[in-house]
Each structure stands twice: as structure tokens, then as C-alpha cells.
Amino acid sequence: MSETILRTAIRTVRPAPLSRPRLTPLLSGWRGLSRYLSPLLLVVLWQAACSAGLLSTRLVASPAQIIVTAWSLTRDGTLPVNLGVSLLRAASGLAIALTAGISLALISGLSRIGEDIVDAPLQIMRTLPVLALVPLFILWFGIGETPKILLVALGSTFPIYLNLHKGIRSIDPKLLEMARTLGLSHRQTIRDVILPGALPDLLTGVRFAVGISWLMLVVAEQVNADSGIGHMMMDAEDFLRTDIILVGLFVYGLLGLTSDQLVRTLEHVFLAWRPARREKGQPT
Amino acid sequence: MNAIPQSVPRQSDETRTQNAVTVQGLTRRFNGGPAVLDRLDLTIAPGEFVALLGRSGSGKSTLLRTLSGLDPVSEGHVSRPQDVAVVFQESRLLPWKRVWQNIILGQTGGNDGRARASAVLEEVGLGHRADAWPLTLSGGEAQRAALARALVREPAFLMLDEPFAALDALTRLKMQHLVAGLWTRHRCAVLLVTHDVDEALLLADRAVVLDSGRIRTDLPIPLDRPRRHADPRFEHLRSVLLESLGVHDD
């Protein structure tokens, strides 16, 4: 008995490396499906609870209702307009954060004096919860676009700065020595050794920054705005339209997912030199 | 302090007018501690292959770092050619540049960089991996690439810092043959830092044993190439070297 088990075990283990290419798509296909099975079941249960009147639509709209609302909001232009406004805010804020974060990290990463001047204040400021600045920002910049974009920019500057700074400072000193023995100039060393070496950390920072920018945007748009997804949701609250609120929520979720995937793609393109790691990323 | 000047056997050949590398009275200490290099004298003739042996902490690496220009000369005098190249124990290739781009890194060769890289990669037997990413190379391949990167600079003085220490025994043998062949073609002065007595005897014209920052033994290796372990003179030199390293053969 035990011998048979052993034999089958050997038989199944041995050819594994050979049959892997055939096996993997099948397995991952099934795994991919099974991952979505339980969320799908939850949605079905949710719909059933709403249809049966167990869940009041005042508390939660049904999935079907959400789809209908999303469609009508798209048709009458409410959703596209507000989505455009939100996207523009996030993009502007991120652009500022990228410029500021990268510049500051280069200053403090590439020179000792720069580090003394730049790093300490930034390390202190990053411990402040940026969202606590909302009242101050409204006092300073009013209720226009400026405080919203600046809030996004401020929040997402820190992960970019911190990660790139760390990346520059943690370049393998052996590679820097090698650059010296090869007679590379300071400029060449920065271009060929330091910056490409810090790129993985920069991209990690950008991914964090993108996530934070959506978070900042949600708060900025819900506190004080007359347009944007957040405003659309706050408006819906006044009319007890849980369906619109949920549409806004899903849009935020989709935006987060899409932008994260975008940065992943960038990583894939720019870090092609890294040995194949988790090729099949988790769908998150 | 141990200040007795030992009688160091000097290089016998006095006819050499110009040396590739001259080190005189080089002393190096870290933070006022004991001298890592203690009034060290060393000369290497153009085209000469010198192996530098010594136990850990004997100052081998410090000497090599000084000669390669990584460490400053504070006491003593060092003269060396302008064109030097170093191969370290790790290949130290930039992972984000393809192998051929690593070879010509920092070279101002114009448009023929690719061709020059290919030629030298061909010479070290790595022509087929010119477009590979360094992290996909095996240990031996990476060291070949590091050798190619050193050779493409046509150095007058080549430093090898335990270049094969991290390789498996078979690969190491192949690499030793490769280095022997490259040296016969290029004829640059070579300083090979190694722990391996056999490696020194297979490759070098002279073996220098470093001990407490001073040269303890300076042993010419007058054997014909290619060298064989079975040669009785090889055996004799081997036991002499091991003796001076503090390892007693029998």
C-alpha cells in the first residue's frame, strides 16, 4: 500500500518540470475563475436580499439598480463630467508630486549638503497626517481647484521622495567603486549607475503615490467641492440616493485598480533587466 | 612595534630600466591603528605576471585598492601606468545594462563600441551572450564578462582581486586557462591576488607573499608554460610557498 503511494508520488513528482508549461495555464485558468467565484456569489446574495425586501434600498441599493443608475448617469453626462474633473485633479496633483518628489530626492540623494537641507524638514513633515491640513488649506486657498490639487500633490510627494532617496542612498557601493576604477565621470556615474539603480525604488514610490492620491482626492472632494466624483456622492447623500453613492464608490475602486495596473506595466517595461519574478501578479 | 627590516629578496633582474608599477615605502593604517601596510616596497615589470598571496588580513586587498586608486596614498610613493583595469571577485556588472553595454561602459569609442565589445567578448568566449542581461549569466560567464570589460580598455596593468574565488572548481580551471591565454596575447603587467597557491604557480612569473603588511617572500617561478602539477619543481615551489604562508605540507 505504502509502496504504491510512494510510486505514484514519484511518478507524479518526476515529470512535473516537463509538464509544467502544459499544466500551468489550465491551473491558473481555474484558479483565476475560482478567485472570482465567491465575490460573484456575494453579489448574487446581495441582489437576492434586495429583491426579497430584506435590505432597504435606503441603506443599500441593489446591484441591478446600481448598473441602471451608472448607465443613466453616463447617458446624461453627469458621470463623465465629474470623472473628468476628478481625473484632472489627480493627474495635476500627481504631476506636481512627481516633479517635487524627484527633484527633492535628487538634491538630497546626490549631495551631502542637499541632504542636510532637504531631508530633515521632509522627514518631520511626513509624520504629519496630511488630511489634517484640510482646514488650513481651505483658509489659505479657498474652495477652488488649488487646495484639492495641492492636497493630492502634498500627500503623494512623500512616498516618491522617500523611496527615491532610499534608492539613491542604497546603491551597491561595489558598483560605485567599479565606476571609479573604470574612470567614469561624476555625471556618467549618476546617469549610468545611480539613477538606473534607484529606478525600482522610484517606481515603488510612484505606486504608493498613486494610491495616496486617490485617498486625498476622496477627502478633498467630499469636504468642499462643486464637482467631481466625491461631490457627486455627497450630493446623492442629500437625496438618499444610495445607488449614486455606490456608483461613485465603484468608480473610485476602478480608478485605483487601473492606475495601479498602469504603474505595474511601467515597471514591467523599465525593469526588464530584472530576472523573471512573480510573472503572474495577483489581480489586485 | 615590529620595526626590524626583514631582508626581502629583491628582484634579480637589474637590467629593467622602467617598471610598470613601483611601490616605495607604502604605509597605510586605518584611524591610527596598527599599520595594515608597513613600508611596503614592490615593483612589477611591464608584462610581468605577479601573484600576491597572503592570509586574510595580511593587507592584500588594501594594497590592491591603493594600486587601483580606490584608496589614497598617505605615506610612501606609488607609480603605476595610466591605463589600469581591475577585475573583482564579483563581476560587478551593471544589471540594467546589457552585457555588451557593460563592456564598453565609460569608453569614448564612438560608434564602433558594439563591434569592439563583440570582439573582446568573442575573445573570452562569451560572444553569444552579448545581448544578455547580466543577472541571467552564470558565475563563470559573469567573470568572463568582467575580464572582457577589463581587456577592452587595453590596460598596461591589470589587477585581478581573487577573480575566481567564488567559482566552482571546474569553472575555475577553465578561467585560469583563459587568463593564461589572454596574458600571453596581451602581455600587460598583471597583479593577481589569490588564496590559491596552485593558481599562483600555474599563472605567475613571481609569487609575492604578504604578511602583516610586509613582503615576507618574493619567489620567482622559473617554470616553462604550460605548467603541470606533476612537475617536481612545481611540487617544490608549492611547499616553499605553503611554508611561507604558515601551512606545513607534511
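How big is the protein assembly as shown by the Kirkwood estimate over distinct Cα pairs, in Å?
Every distinct Cα pair counted, the radius reaches 29.1 Å.
What is the calculated FRET efficiency for A:Thr265 to B:His195, with r their C-beta to C-beta distance and R₀ = 45 Å, to the nearest 0.05?
My answer for the efficiency is 0.45.
With both bridge residues required to lie in chain B, what share of the DSSP beta bridges run antiparallel, to the nearest 5%?
Values: 16 of 34 bridges.
Given both bridge residues lie in chain B, the antiparallel proportion sits at roughly 45 percent.
Quick one: 3J(HN,Hα) in Hz for the range B:160-170, Karplus 6.51/-1.76/1.60 with θ = phi - 60°, rounded, Gly and Pro as x.
Going residue by residue, I get 10, 9, 6, x, 10, 4, 8, 9, 6, 4, 5 Hz, with x marking Gly and Pro.
Can you give the FRET efficiency to the nearest 0.05 for A:Glu237 and A:Lys174, using r as the Cβ-Cβ distance and R₀ = 45 Å?
The computed FRET efficiency comes out at 0.20.
Work out the mean other chain Cβ neighbour count within 10 Å for the residues of A:181-193 and drop it here as an integer.
4
Please identify, among B:Leu160, B:Leu135, B:Leu147, the residue showing maximal mean-square fluctuation in a Gaussian network model of chain B using a 10 angstrom Cα cutoff.
B:Leu135
Across peptide B:89-102, what mean number of C-beta atoms from other chains lies inside 10 Å of a residue's C-beta?
4
Tally the DSSP beta bridges in the protein assembly as shown and give the antiparallel ones as a percent, rounded to 5.
Once the DSSP bridges in the protein assembly as shown are tallied, antiparallel ones form about 45 percent.
Which aspartates and glutamates does B:Lys97 reach when only Cα atoms under 20 Å apart count, and residues fewer than 8 places away in its own chain are ignored?
Correct list for B:Lys97: A:Asp172, A:Glu177, A:Asp192, A:Asp201, A:Glu267, B:Asp112, B:Glu122, B:Asp131, B:Glu141.
With a Förster radius of 60 Å, plug the Cβ-Cβ distance of A:Gln188 and A:Trp30 into 1/(1 + (r/R0)^6) and report the FRET value to the nearest 0.05.
That pair, A:Gln188 with A:Trp30, gives E of 0.75.
Would you pull out the residues with amide H under 5 Å of B:Leu192's amide H, same chain only if 5 or more places away, H placed 1.01 Å from N?
Residues meeting the criterion, in which the H sits 1.01 Å from N, are B:Val50, B:Ala51, B:Leu52, B:Leu160.
Taking springs between alpha-carbon atoms closer than 10 angstrom, which of B:Ser79, B:Ser61, B:Ser212 fluctuates most in the Gaussian network model of chain B?
Highest fluctuation among the options: B:Ser79.
Hey, got the average number of other protein chain Cβ atoms within 10 angstrom for residues in A:195-207?
Working: counts 1, 4, 3, 0, 1, 1, 0, 0, 0, 0, 0, 0, 0.
The shielding value for this peptide is 1.
Just want the answer: with Cβ charges of +1 for Lys and Arg and -1 for Asp and Glu, which residue in B:Gly54, B:Gly69, B:Asn31 is farthest toward the dipole's positive end in chain B?
With unit charges placed on the Cβ atoms, the residue in question is B:Gly69.
In a GNM of chain B with a 10 Å cut-off on Cα contacts, which of B:Asp218, B:Asp38, B:Asp131 has the highest mean-square fluctuation?
Ranking B:Asp218, B:Asp38, B:Asp131 by mean-square fluctuation puts B:Asp131 first.
List every residue whose amide H lies under 5 Å from the amide H of B:Val86, counting only residues 5 or more places away in sequence or on a different chain, with H placed 1.01 Å from N in the peptide plane.
B:Met159
I'd like to compare B:175-183, A:206-214, A:116-124: which one has the highest average count of other Cβ atoms within 10 Å, and what's the full order after that?
With the highest mean Cβ count within 10 Å placed first, the list reads A:206-214, B:175-183, A:116-124.
Mind ordering A:156-166, B:227-237, A:76-86 by average Cβ neighbours within 10 Å, highest first? Could the numbers behind the result be given before it?
Working: A:156-166: 25.0, B:227-237: 12.6, A:76-86: 16.6.
The peptides rank, most packed first, as A:156-166, A:76-86, B:227-237.
Which of the lysines could a cross-linker bridge to B:Lys60, judged by Cα under 22 Å and excluding same-chain residues fewer than eight apart?
Once the sequence-local lysines are set aside, what remains near B:Lys60 is A:Lys174.
For a test of the definition: using alpha carbon positions, the gyration tensor, and the 1.5 limit on a/c, classify chain A as rounded, prolate or oblate.
In terms of gyration-tensor shape, oblate.
Apply the Karplus parameterisation 6.51 cos²θ - 1.76 cosθ + 1.60, with θ equal to phi minus 60°, to every residue of the range A:205-210 and state each ³J(HN,Hα) to the nearest whole Hz, in sequence, with x for glycine and proline.
Residue by residue, the range A:205-210 yields x, 5, 5, 4, 4, 4 Hz.
With n ≥ 4 as the cut-off for DSSP H runs, can you work out [θ] at 222 nm for the protein assembly as shown, using -39500 (n - 2.57) per run divided by the number of residues, rounded to the nearest 500?
-18500 deg cm²/dmol
Going by the alpha-carbon gyration tensor, a ≥ b ≥ c the square roots of its eigenvalues, is the range B:160-221 rounded (a/c under 1.5) or, if a/c is not under 1.5, prolate (a/b greater than b/c) versus oblate?
Working: a/c = 2.11, a/b = 1.36, b/c = 1.56.
Oblate.
Coordinate-derived values only; no laboratory data. These numbers were taken from a predicted model, which means no experiment stands behind them. In this analysis, Cβ positions are derived from the backbone assuming ideal geometry, glycine residues included, and neighbour counts consider all displayed protein chains.
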